[in-house]
Amino acid sequence: MLLTTGQAADELGCAATTFRRLVQAGVLPGLSRRGNRVMVPLEVVQALRDRQLAPLHQLPVREIAVLRVDVAKPALEDDDRAWIGYAAHLSAADLLKSLRGWWRCDAASVAAGGVLPVTLSGYVVAVLTRLDTWDMEGGRHAFPGAVLAGHVTDLARPTTQLHATDAETREVAGLLLGTRLISHSGGAIAYACTS
């Protein structure tokens, strides 16, 4: 059975535009078209609906920052990166550059969490670590030493790519990638309690 993006969004209890971000980011398998409509397999929607919440209680801190991103778009006025945002087709190097800054945030609070889950439409699609150094420009912060611990290429199964070299970081990335992590904020950076 195939659903339209509107029907899929209704099934997940989210706005159609929120669901379309997942489609546009290329993280959903088995999509097809009927005219100008994108059709989504019911089992993909069910897998997203039944996805577990991120087990934040397993992290050794009281609070973590969460980076909420949009679908990757060309960074037209940026010299050090080609993209801003998330898309499954980006290489790990491009993805890291697209996610490590510039945001309005309390950089010390972001760094204190030790890990930065990156969410798209409420699902963890990437994890950044090594956030202990940052640059500031015009009230925005970037984390030039950040490392992409892992990212998702297929959110339905989920299928992940782990890039971290040490076992502890790989474990944390594996714990968070593909889970649901709902956060509320007026900006790109939100915070979530782990207890």
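The values are calculated or read from the model by the stated rules, or taken from the named source; none is laboratory data. Just so we're clear, the structure is a prediction, and the values are computed from it rather than from any experiment. Cβ: placed from backbone, ideal geometry, glycine included. Neighbour counts: every protein chain shown. With ligands, DNA and RNA removed, areas are computed over all heavy atoms of the protein, side chains included. Shrake-Rupley method; radii C 1.70, N 1.55, O 1.52, S 1.80 Å.
Laid out as a table, the results:
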| read-out | value |
| --- | --- |
| Accessible surface, per residue, of the chain when the full set of protein chains is kept, probe 1.4 Å, Å² | 50 |
| Distant alpha-carbon pairs in the chain (separation over 28 angstrom), percent | 23 |
| Structure-based [θ]222 nm, the chain - -39500 (n - 2.57) summed over DSSP H runs of at least 4, per residue, nearest 500 | -7000 deg cm²/dmol |
| Whole-percent pair-distance distribution, where bins are 10 Å wide, for the alpha carbons of the range 39-83 | 18, 24, 30, 28, 1 |
| Accessible area of the range 52-195 belonging to carbon and sulfur atoms, whole % at 1.4 Å probe | 50 |
| Residues in the range 139-156 that a label on ALA75 would reach, taking backbone N under 15 Å of a point 7 Å out along Cα→Cβ | 140-148 |
| Amide proton proximity set for ALA75, modelled H, under 5 Å, gap of 5+ | TRP83, ILE84 |
| Ratio Rg/Rh, restricted to the range 1-73 and using Cα atoms, in which Rh is the Kirkwood radius | 1.06 |
| Label-point separation, ILE182 to LEU53 (7 Å along Cα→Cβ), nm | 0.9 |
| Share, in percent, of DSSP beta bridges within the range 1-128 that are antiparallel, nearest 5 | 80 |
| Amide H partners (placed H, <5 Å) of THR159, local residues excluded | THR153, ASP154 |
| Estimated FRET transfer efficiency when R0 is 25 angstrom, pair CYS193-LEU162 (beta carbons, to 0.05) | 0.45 |
